[in-house]
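Peer 1: Before I ask anything, let me first share the structure, which is written out below as structure tokens.
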Amino acid sequence: MAEAVGTCVSCGNFLEFLKTLPWCKQGDNTLIAVQNCTPELIEAIKDHEVKVFPGGMQIKLNLSWLLYLTEKYDEGRPLPMVVVWKPESIEMWYRRNKSWDFPYDAWQNPAAAAYDRERVKLPAEHSGPKYLQYHKELLDKSKECPALIPPQ
């Protein structure tokens, strides 16, 4: 089952939001940010399918999970996400099990690295005409990621 490409209603706003994140870079074309799940990220993922890793099983993102993410944000306890911005796509990774320890525990502990994680992938075509321009601008001004962060 191929990952669906949705129509972006507010991609310009989403790209502007992405520009504000604290990015670091890996190699020549990958940006990484650890970010709390905000309404902007919830809006971006809401119409997309999810892959669960390990294994890569495709599932539908259900409304109850989106409501949970929104509720946690409203309570002041947003779940952490890892945002990976590549020329071909933006990936948003999170974990439902022991969510608030993610991703740092997975980067330091092999047992935690084995916990199921979920990934929502937004293809570049989803994000509008400034996608590559903003990606390049951020690559040019971002510092290398710490060695703690594994290659994405």
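The values are calculated or read from the model by the stated rules, or taken from the named source; none is laboratory data. This structure is a prediction, so every number in the text was calculated from the model and none was measured. Please note: Cβ atoms are built from the backbone with ideal geometry, for glycine as well, and neighbour counts cover all protein chains shown. Quick note on the areas: whole protein, heavy atoms, side chains included, nothing else; ligands and nucleic acids left out. Shrake-Rupley method; radii C 1.70, N 1.55, O 1.52, S 1.80 Å.
Peer 1: Pairs of alpha-carbon atoms within less than 8 angstrom and 6+ residues apart define the contacts here; what relative contact order does the chain have, in percent?
Peer 2: 32
Peer 1: For the ranges 21-28, 51-58, 79-86, 92-99, what's the packing order if you count other beta-carbon atoms within 10 Å of each residue, average per peptide, and put the highest first?
Peer 2: 79-86, 92-99, 21-28, 51-58
Peer 1: Please list 3J(HN,Hα) in residue order for segment 80-90, calculated via the Karplus relation 6.51 cos²θ - 1.76 cosθ + 1.60 where θ = phi - 60°; whole Hz, with x for glycine and proline.
Peer 2: Values, residue by residue: x, 9, 10, 9, 10, 10, 10, x, 8, 6, 10 Hz.
Peer 1: Let me have the 222 nm mean residue ellipticity of the chain computed from DSSP H runs of 4+ only, each contributing -39500 (n - 2.57), with the sum over all residues rounded to the nearest 500.
Peer 2: It comes out at -8500 deg cm²/dmol, rounded to the nearest 500.
Peer 1: What's the magnitude of the charge dipole for the chain around its Cα centre, counting Lys and Arg as +1 and Asp and Glu as -1 at the beta-carbon? Answer in Debye, nearest 20.
Peer 2: My answer is approximately 200 debye.
Peer 1: Can I ask one more? Please label the shape of segment 82-152 as rounded, prolate or oblate, based on the square roots a ≥ b ≥ c of the eigenvalues of the alpha-carbon gyration tensor (a/c under 1.5 means rounded; beyond that, a/b larger than b/c means prolate, else oblate).
Peer 2: Oblate, because a/c is 1.5 or more while a/b does not exceed b/c.
Peer 1: Taking amide H positions as placed in the peptide plane 1.01 Å from N, state which residues far from residue 142 in sequence (5 or more) or on other chains have amide H under 5 Å from it.
Peer 2: Hits under the 5 Å cutoff: none.
Peer 1: Please list the non-local residues whose amide H lies under 5 Å from the amide H of residue 36, H modeled 1.01 Å from N, same-chain partners needing a gap of 5 or more.
Peer 2: 81
Peer 1: Given a 1.4 angstrom probe, I'd like the percentage of the accessible area of the chain that is carbon and sulfur, rounded to a whole number.
Peer 2: Answer for the chain is 54 percent, counting heavy atoms of protein chains only.
Peer 1: Whole percent per 10 Å bin, from 0 to the bin with the longest distance: what is P(r) over all C-alpha pairs of the chain?
Peer 2: Result, from short to long distances: 11, 42, 39, 9, 0 percent.
Peer 1: Counting only heavy atoms of the protein chains, get the accessible area per residue of the chain (1.4 Å probe) and round it to a whole Å² value.
Peer 2: Working: 8050 Å² over 152 residues.
Computed with neighbouring chains in place, this is 53 Å² per residue.
Peer 1: Starting from the amide H of residue 89, placed 1.01 Å from N in the peptide plane, find each other amide H under 5 Å away whose residue is 5 or more places distant or on another chain.
Peer 2: Excluding prolines and chain starts, which carry no amide H, the hits are 124.
Peer 1: I would also like to ask the following. ³J(HN,Hα) across segment 97-108 via Karplus (A = 6.51, B = -1.76, C = 1.60, θ = phi - 60°), whole Hz, x for Gly/Pro?
Peer 2: Those phi angles translate into 8, 6, 4, 6, 8, 6, x, 4, 5, 5, 6, 10 Hz.
Peer 1: How far apart, in nm, are two points set 7 Å out from the Cα along the Cα-to-Cβ line at residue 58 and at residue 74?
Peer 2: Placing both labels 7 Å beyond Cα along the Cβ direction yields 3.2 nm.
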